[in-house]
Every structure is written in structure tokens, then in C-alpha cells.
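Asks: If you scroll down you'll find the structure; I have some questions about it.
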Amino acid sequence: MSAAQHLHIVPSEFLVEHLPNATFPEDDEWIALVRAPEGLTVVREASPFTEAERWVGFYGDAGHGLDLPGMLAAVVGPLAGAGVPVFVASTYHADLVLVPDHRLKEATQALRDAGHRVSDARAGR
């Protein structure tokens, strides 16, 4: 399997939060949680009223197992080369690669230049 992927821009926008003194969020509106010694990292859908930095996600349409090396590197490598920050939430089958929403156009171009196909699944785009 080639490391080039068909990536979709996820329709939702996300927030990435750090809760230093929490072991679990107070609500169940989260997408991903990572508990570490320095606290809890929470990824959740952004509310339309939230003023915090918003992130947009790329997600591959072909799931891959844990035994296929290089899939995540093939996506984050070009983004790093373009100087685009990322936050990644991985599942058993694929990776949700988040970029700041104000860098989406730049990130999309970097991924296309690296040979990936990128589709925008968001309404009206």
C-alpha cells in the first residue's frame, strides 16, 4: 500500500484543551481524551460561540491497521515541512490529524503537493 492517501476534511471544527488538574472531563461532549502525568488533554467539537483556537481535521477514507508503518508520517511529514502545527488523535484504524483552522488552505496544499488527495466534506465548500 502506498503512503499516499485520500484524506477528507472533517465537517466539524474542534478545540484542543489542556485540563491540568482533571482525570476525566466534566461532560461527555469529547471526541478524544489523553490522560498524562501533566493532566488531561481533551479534543471536542467547537461550539459556535467558543472564542478559543479552532482546529480542522483530516481523516483518511481507507482505514489501516496498526501493522502498516508510515501512514501517519506520510501526512504529518509534509505538514511539518510546511511549518503547519498538528495535533493527532489516533484510532485503531486511522488517524485524525488536526491543524489550526487559519492554516487549512496551506495544510491542504502541502498534502496535495505530497501526493495525497484531499476532499472537503464540509457543507458549502
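Asks: Counting only heavy atoms of the protein chains, get the accessible area per residue of region 1-51 (1.4 Å probe) and round it to a whole Å² value.
Replies: 67
Asks: Now a separate question. Quick one: if you stick a label point 7 Å off each Cα along the C-beta vector at HIS102 and ALA82, how many nm between them?
Replies: 1.7
Asks: Taking just the C-alpha trace of the chain, give me its Rg and Dmax in Å.
Replies: 14.8, 42
Asks: Work out, step by step, the length gained on full extension between HIS93 and ALA4: first 0.36 nm times the residue separation, then minus their alpha carbon distance; give nm to one decimal.
Replies: 30.4 nm
Asks: Here's another thing I want to ask about it. Could you give me the ³J(HN,Hα) list for region 41-52, computed from phi with Karplus coefficients 6.51, -1.76, 1.60 and θ = phi - 60°, whole Hz, x at Gly and Pro?
Replies: My calculation for region 41-52 gives 9, 10, 10, 9, 5, 7, 6, x, 9, 7, 8, 5 Hz in order.
Asks: Taking loop as defined by DSSP and a crowding limit of 13 other beta carbons within 10 Å, which GluC sites (Glu not before Pro) in region 1-40 fit?
Replies: GLU26, GLU29, GLU38
Asks: How do ILE31, ILE9 rank by accessible surface area computed with a 1.4 Å probe, from largest to smallest?
Replies: Putting ILE31, ILE9 in descending order of accessible area: ILE31, ILE9.
Asks: Continuing with the same structure: Taking the 0 to 90 degree range and rounding to the nearest ten, how far is the long axis of helix 71-81 tilted relative to the main principal axis of the chain, both from C-alpha atoms?
Replies: Helix 71-81 and the main axis of the chain meet at about 90 degrees.
Asks: In debye to the nearest 20, how big a dipole does the chain give about its Cα centre with +1 on each Lys and Arg Cβ and -1 on each Asp and Glu Cβ?
Replies: About 520 debye.
Asks: Residues with amide H under 5 Å of SER90's amide H, sequence separation 5 or more or different chain, H placed in the peptide plane at 1.01 Å from N; which?
Replies: LEU96
Asks: Let me ask something additional. Using only Cα atoms, tell me the angle between helix 104-113 and the longest principal axis of the chain; keep it within 0 to 90° and round to the nearest 10.
Replies: So the helix axis and the longest Cα principal axis differ by about 30 degrees.
Asks: Which is the longest part of the chain that has none of the chymotrypsin sites (Phe, Trp or Tyr not before Pro) sitting in a DSSP loop with at most 14 other Cβ atoms within 10 Å?
Replies: Maximal segment without exposed cleavage sites: 1-48.
Asks: Using the Cα centre of the chain as origin and beta-carbon charges of +1 (Lys, Arg) and -1 (Asp, Glu), tell me which of VAL10, ALA82, PRO20 is placed farthest towards the positive end of the dipole.
Replies: With unit charges placed on the Cβ atoms, the residue in question is ALA82.
Asks: Another question, then. Under the rule of at least 5 residues apart or a separate chain, name every residue whose amide H is placed under 5 Å from the amide H of ALA46.
Replies: GLU13, PHE14, LEU15
The values are calculated or read from the model by the stated rules, or taken from the named source; none is laboratory data. Owing to the predicted nature of the structure, the values given are computational and were not obtained by experimental measurement. Backbone-built Cβ (ideal geometry, glycine too); neighbour counts: all protein chains shown. Areas reflect the complete protein model, heavy atoms only, side chains present, ligands, DNA and RNA absent. Shrake-Rupley method; radii C 1.70, N 1.55, O 1.52, S 1.80 Å.
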